[in-house]
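Step one of this worksheet: look at the structure below.
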Amino acid sequence: MTIKSVFRSVNSLTGIFPNKYIYGMESAFAVIAEPNRRAILSLLAASEQSVSDIEQQLQLSQPSVSKHLRVLRDAGFVEARVDAQRRLYRIKPEPLKEIDAWLAPFRQFWLAHIDALERHLDQVNPLPPQRGKKT
């Protein structure tokens, strides 16, 4: 058994990620840290959008929208397709799946606390049983 194979198995058991993965996550978080980029991603989550569609909905200038789309495209968050004389942008889910996977342990932490709060509130102020509604 080599040091590398031991390191790989320890990583898979402990969930400790290699530096390369962590640095990639840092850059993904840096990309979505900007509020206008998050707003653009929210629009694209609903449907494909052109630059002018995004401009109108977010009240941003064309150069600003184009700059943010370039950053999102370079980071792999969006892709474009040509439709006549315009480009339509859409979300690429892979980077968002990676961020979601990284957040999963933290989500479990909060869910456990929320469940405990719900149980506590039910003990403090139990709801009366509901009866069938008459129509």
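Of Ile40, Ile32, all but one fail to be within 16 Å of Leu96 (Cβ to Cβ), touching a His at 6+ places or on another chain (Cβ under 6 Å) and at pLDDT 50 or above; the exception is Ile40.
Within segment 24-78, the residues that satisfy the criterion of being small (Gly, Ala, Ser), out of contact with any Leu (no Cβ under 7 Å at 6 or more places or on another chain) and more than 13 Å from Lys92 (Cβ to Cβ) are Gly24, Ser27, Ala30, Ala33, Ser42, Ala46, Ser47, Ser52, Ser61, Ser64, Ser66. May I ask you to verify whether Ala101 is aliphatic (A, V, I, L, M), loosely packed, with under 13 Cβ neighbours inside 10 Å and within 18 Å of Ile32 (Cα to Cα)? The answer is yes for Ala101.
Applying the selection to segment 48-71, what residues are closer than 20 Å to Lys97 by Cβ and either modelled with pLDDT of 95 or more or loosely packed, with under 13 Cβ neighbours inside 10 Å (or both)?
Result: Glu48, single match.
The values are calculated or read from the model by the stated rules, or taken from the named source; none is laboratory data. As the structure is a prediction and not an experimental result, all values here were calculated from the model. So basically every Cβ, Gly included, is an ideal-geometry build from the backbone, and we count neighbours across all protein chains shown.
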